[in-house]
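Handing you a structure now.
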Amino acid sequence: MNTSLIKHLCTLLLRTNGELSTISKRCYQSHRIRNQTLDKHRTSPLNKQKTEDAKNDSKPVTNKDPEVPTRFLQKNPEFLPNPDWGYRDQIAEMVERNDMYRRRRNIFMPEFYVGSILAVTLADKFALGKTSRFLGLCIYRGDQGLHHKIILRNVIDNEGVEMMYELYSPLIQKIEVIKLERRLDDELFYLRDCPLEYSYFPQDMESQNIFKDMPVTTNTIKVKLNPRPWSQRWERVDLQGVEPFTGWKSEKQRLKLKRLANQPQVKKEWEKMDLMKHYRESIPPEESMRIYGEVVKDAKDWKNREERET
């Protein structure tokens, strides 16, 4: 092939590539929005109220006592979102918190913890008086937002009975704290494998006098487990509110479990220094303060109601 022809073809290819690149740049620039246009939109009169609210929300919430937000969020853990970012949706969380504020304006939700004795009055169209009341020990409290639930346990007719309530359900008419206290463990599911005497509370139990900012006592009782079989392998769980188990089948079995408990794969000492693991399993303090500021700002009605009823 002639060299002049090859040079001519190369120049044509370079020219066409340059034209295509300029066309693509023009098309890309035609679909872009200039920064000046965006700034005008941000400062438009339509968004004036939004910008003022944003400025007010950006102001930090100041407290004389820095432990106030921590104590408040411990009393109301449902306001904190799920720390797992795979289940996070900030818009849904904001909408749920607004629904929670409206619900708290209609019903008083007292302070309680796992280990407190509660009485919940529920609307029931099949019961006499259209309401039913259940008193029991709170053995679980979990989930975030509107799905926050509690489990109460009691003994009725020599049979252990557990009732689960969604705290923000519109069927709940009243929540009473009969006895305000804590236990040594965060969950008390091991009471299912304990004698019934540790789960029995009379339904007509009188409530104690509870005052505002009352110090919460910790019940240090240690229950005794029934002989096997159990619903779970409680010997593998670090339980503080259970007496040391002595019903081993043999001494060999006890030594084996003790040896396994000291294994590095079981103790996982390195998790104490894993900063990313702690970060993924917790809510950052900045976000906790932002949620606390939002609650303080938007929940004045139910806080006034709480002060009147306490």
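The values are calculated or read from the model by the stated rules, or taken from the named source; none is laboratory data. It should be emphasised that the depicted structure is a prediction, and the values quoted were computed from it without experimental measurement. With ligands, DNA and RNA removed, areas are computed over all heavy atoms of the protein, side chains included. Shrake-Rupley method; radii C 1.70, N 1.55, O 1.52, S 1.80 Å.
Taking Rh as the Kirkwood radius computed over C-alpha pairs, what is the Stokes-Einstein D of the range 186-297 at 25 °C in a medium of viscosity 0.890 mPa s, expressed in µm² per second?
Result for D is 130 µm²/s.
Enter the accessible area of Arg259 (Å², nearest 10), with the probe set to 1.4 Å and all protein chains included.
Using a 1.4 Å probe on the heavy atoms, I get roughly 140 Å².
Something else about it: What Kirkwood hydrodynamic radius do you get for the range 117-221 when you take the inverse of the mean 1/r over all pairs of distinct Cα atoms, in Å?
14.8
Calculate how many DSSP beta bridges within the range 117-221 are antiparallel, expressed in % of all such bridges and rounded to the nearest 5.
95
I would also like to ask the following. Accessible area per residue, 1.4 Å probe, Å², for the range 117-221: what's the number?
On a per-residue basis, 56 Å².
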